[in-house]
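Structure first, commentary second.
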Amino acid sequence: MAARTTSPFVEKEYDELDRKIDGFLGRLGAIFRVLIVLTVLVAVSYYVLWPTMETWGPYFLFAMYLLFQLFFAIMFMIVQFAALFWFLGRTRIYWIMPGETGVGFKDYKGNPEIIELAERVVTLLRGVKGFKEMGGQVHRGMLLSGPPGTGKSYLAQCIASEAGVPFAYASSPSFQSMFMGIGNIKVMMLYSKARKLAKKYGACIIFMDEIDAIAMSRAGQNMGMGMGMGGFMGMGGGSGLLNELLMQMDPPPTDQGWKVRMLRKFGLRTKKAEMPAVFTMGATNLVQTLDPALLRPGRFDWKIQVERPSYEGRMEVLEYYLAKVKCAPNLPIERVATEMITPEGQGYSPVEIKFVVNEAVVHAHFDGREAITYEDMRHAMETREYGLRQRISGRTADDRRRVAYHEAGHAIAMLRLYTRKRLDRLTLMKYGELHGAEGVAFDKAKEEIHITTKEELLVDIQIFLASKAAEIVFLGTETTGMGGDLPGASYRAVQYVRCGMGGQLFTMWGEAPTAEERRQAERVMQQQFAAARRLVEENRPQVHAIVEALLQKDELLGDEVEEIVARVDREVERNTGRVVDLPPPPIPALPAPEPEVAASATVRYAGARRPSEERERSSGGHGVAYRDVTPPQSTDSPSQFGESDTDTRSGG
C-alpha cells in the first residue's frame, strides 16, 4: 500500500485551521471560566451566606483578618525574594530592533569572503519557513574567531540588520554572578525573550561577545569549589552556566503557550512542536579554550575565522573612513595602505585603521588645518604602534652617548642586513609602549610576513647583538642595555635550532631547551656576534656619523639615517654589507675549529636597497656568517626563553 503524501498547499490550510481553532478556543475558554466563577459566587452568597450572616459574620471577619495577615507576610517574603532574584537575574543586554543601527553589508569592508558567508546566514533567516518546507533545519549558531579589532561584533550587527530581525548584544562576563544559579536564570530569561521575539519577527539573533568567559572547557575547570559556601557564592558554578547555555542553544522541541498545550492534551494538535528560530552568534579570540560540546554541529554549526584584511582590504577600509573626513587632494592612499603594517609584519585591523584616521584628524585639528595630510597619517600610525613620545630628563651626556652608540649598532645592522624590513626610527626618547627603554631603534615590515626563513632568523640575531658589538668597539665596555636584546636573540637562536636549521631534527616545542639545544643556540649566537662585530668595525665612520646626528636631534627617521649612511659611503667609497653563505654544520652539531673563509667565497647580499653588483667588489665579509666557533661552557640546567617576536631593539 503506497504511503499518502500531503501537498504543501494542504499543509498550509491545516496550519491556518489550527491557528483559527487556537484563537476560538482561547476566547471561549476565557468566557466560560468567568461565567462559572460568577455563577458559583452568586449562588453561594444568595442561598447559604445571606440568611445566616448575623451568626457567622463576626467569626468570618476575624478569620479573614488572620488569613489576610498570614497572606501579607507570605506575599511580603515572596516579593522580597522575587525582587532580589529579578534584579540579580537582569543583565546588561542591548536589544536592537530591525532598522535601529542602520548598518549593513555596505558598511562592512575589508573581507569580501566573510560577506559571502554572512549573506548565506541572512538568506536562511529571511526564509525560515520556506527552508523548513524543503525539509531542512535552520542552523542554531555561528562562532566568529580571530584577532581583536577585525570586526566580529560589527559583522553580527550587519547580519541582524540585513535579515530584519531583532538583535541582542550581550557581554558574556555579565552572565556571571556571585550567587550560584543566577547565571542560569539570566541565560533562561535571555532565550525566553528571544523566542518570543522570534515568534513575532520570524527569527532572532543573540550575539555573545567574549564567549570564552563562560564557555571554557570543563576539563580544565576546578570543580572542587562546587559545594558549601563556594558553591553558594557562585564559585564553581561555571560549568552549570555552561550547561544551561548548551541546553538553551539546542533545546528539545516543546509547545510554547498554554493554548497549544491544551489542544495537544485533548488530541486536537498532533503535529510536531516547533521551536522559534533563535540564532546564537559568539565571538572569541581564544577558540582553543572553548568546550567541545559547544563547538559540535547543532550548536555552533558554522565557524568563521575573521582575519586581518590584506592590502586590498586595507585600501577598501581606508577609503571608506577617509570618505567621512576632509583629506588633502594629494594624500597618497596607496602608500598609506602599504605602510599600515605592524613591526611584526601583520596588517592593520579595521578598528586600527579607524583609529589612525581619527587620530590624524585630531592631529590636523590641533595643528590648525582643516584637512589631513600624509604627515598626519604617519603621526597617527606612529602613535598607534609606539605610543606617546616624551623626553627623558636628568640623563648625563655620557649616558646619552652610550645609549646613542648602542642604538647606532642596531641601526647600521638593520640598514646593511634587512631585506623585508626597514629601519623606521632611531630615538633617544621614551615611548609609551616601551617601559624602561632609554633609547629605541624601531623597525617596520615592508610587506606582510607570514613565515620567516633561516637567513632572516640569523639576521635578527645579528641585529640584536650588534648593539653589544658597538658598545665593545666604540665604548670599550658593556652596559645593561642588553637586557632586552639578549633574550630576543636567545629566543631566535632556540627557534633556529628547534626548526631543524642547526642540523638537529628531533625537537619538542613547549618545553624548556635541553642542554644540547642550549649549546647549539649559544654556538649560533657566538657566530652571529662575531659577524656583527665585523660589520660594526667595517662601518666605523657610518656609526660615528649616526651617533653625532642622533645626539644633536635626539631622534632620526629611518630615511634620515639612510641619507647619513649613503653620504658617508660616498665619502669613504665603502661598499654595503653582505652575507657569506656557508654550508650548515654537520650532524650532530658539535663545536669545531673556526674554518678559514676564502677570499673568493661566493657571497649573497642582504638588503633590498643595495644592488649586488656593488657588493661583490669586497672580499672580506660580514653579515650572516655560519662559522664554527667554540662556545663557552654552559650549565646543564635548562631555562625557558621568552617568546616575544617583537623586533624593536631598545637600550638602557
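The values are calculated or read from the model by the stated rules, or taken from the named source; none is laboratory data. Small disclaimer: the values here were computed from a predicted structure and weren't measured. Note that each Cβ is placed from the backbone with ideal geometry, even for glycine, and that neighbours are counted across all protein chains shown. Ligands, DNA and RNA are stripped out before the accessible areas are found, and what is left, the full protein with its side chains, is counted by its heavy atoms. Shrake-Rupley method; radii C 1.70, N 1.55, O 1.52, S 1.80 Å.
Of the peptides 401-408, 383-390, 136-143, 153-160, how do they stack up when ordered by the mean number of other Cβ atoms within 10 Å, highest first?
Packing order, densest peptide first, comes out as 401-408, 153-160, 136-143, 383-390.
What do you get when you divide the Cα radius of gyration of segment 69-178 by 2.2 N^0.38 Å, with N the number of residues?
1.54
Taking 0.36 nm per residue of sequence separation and subtracting the Cα-Cα distance, how much length would be gained by fully extending the chain between GLU100 and SER171, in nm to one decimal? Working shown, then result.
On the way: separation 71, 0.36 × 71 = 25.56 nm, distance 1.95 nm.
Additional length available on full extension: 23.6 nm.
Taking +1 at the Cβ of each Lys and Arg and -1 at the Cβ of each Asp and Glu, which of ALA512, SER490, GLY432 sits farthest along the dipole of segment 408-516 towards its positive end, judged by Cα position relative to the Cα centre?
Of the options given, the answer is GLY432.
What lysines could a cross-link reach from LYS271, if we take a straight Cα to Cα line under 23 Å and drop same-chain neighbours fewer than 8 places away?
Partners found: LYS12, LYS20, LYS129, LYS132, LYS196, LYS199, LYS200, LYS259.
Would you mind putting 164-174, 44-54, 274-284 in packing order, based on average other-beta-carbon counts within 10 Å, highest first?
Working: 164-174: 20.0, 44-54: 9.9, 274-284: 23.1.
Put in order of decreasing packing, that is 274-284, 164-174, 44-54.
Distance in nm between label sites at LYS324 and SER192, each 7 Å beyond Cα in the beta-carbon direction?
For the pair LYS324/SER192, the computed spacing is 3.9 nm.
Stretch ARG420-GLU548 to full length: gain in nm at 0.36 nm per residue minus the Cα-Cα span?
Answer, rounded to one decimal: 43.3 nm.
Give me the extension gain from ALA43 to THR477: residue separation times 0.36 nm, minus the current Cα-Cα distance, reported in nm with one decimal.
So the extension gain works out to 145.2 nm.
Which whole number of Å³ per residue matches the convex hull of the alpha-carbon atoms in segment 381-514?
Here the figure is 139 Å³ per residue.
Given the C-alpha centroids of segment 392-456 and segment 137-216, what is the distance between them in whole angstrom?
Between the Cα centres of segment 392-456 and segment 137-216 lies a distance of 45 Å.
How far is it, in nm, from the label point at ALA82 to the one at MET429 when both lie 7 Å from their Cα along the line to the Cβ?
Computed distance between label sites ALA82 and MET429 equals 6.4 nm.
Could you work out how far apart the two model spin labels at VAL572 and TRP258 are, taking each label as a point 7 Å from the Cα in the direction of the beta carbon, and quote it in nm?
9.4 nm
Roughly how many whole Å is it from the C-alpha centroid of segment 288-343 to that of segment 43-101?
First find each Cα centre; the distance between them is then 56 Å.
Can you pull the percent of segment 294-445's accessible area that's carbon plus sulfur, 1.4 Å probe, other chains left in place?
The C+S portion of the solvent-accessible surface of segment 294-445 is 51 percent.
Apply 1/(1 + (r/R0)^6) to the Cβ-Cβ distance of ASP107 and ASN243, taking R0 = 41 Å, and write down the FRET efficiency to the nearest 0.05.
On the way: r = 37 Å, r/R0 = 0.91.
Once rounded, the FRET efficiency stands at 0.65.
Where Rh denotes the Kirkwood radius from the mean inverse Cα pair distance, what is Rg over Rh for segment 478-553?
Numbers: Rg = 16.5 Å, Rh = 14.6 Å.
Rg/Rh: 1.13.
If you consider only alpha-carbon coordinates, what radius of gyration and Dmax does segment 54-110 have, in Å?
Answer for segment 54-110, Rg first and Dmax second: 26.3, 87 Å.
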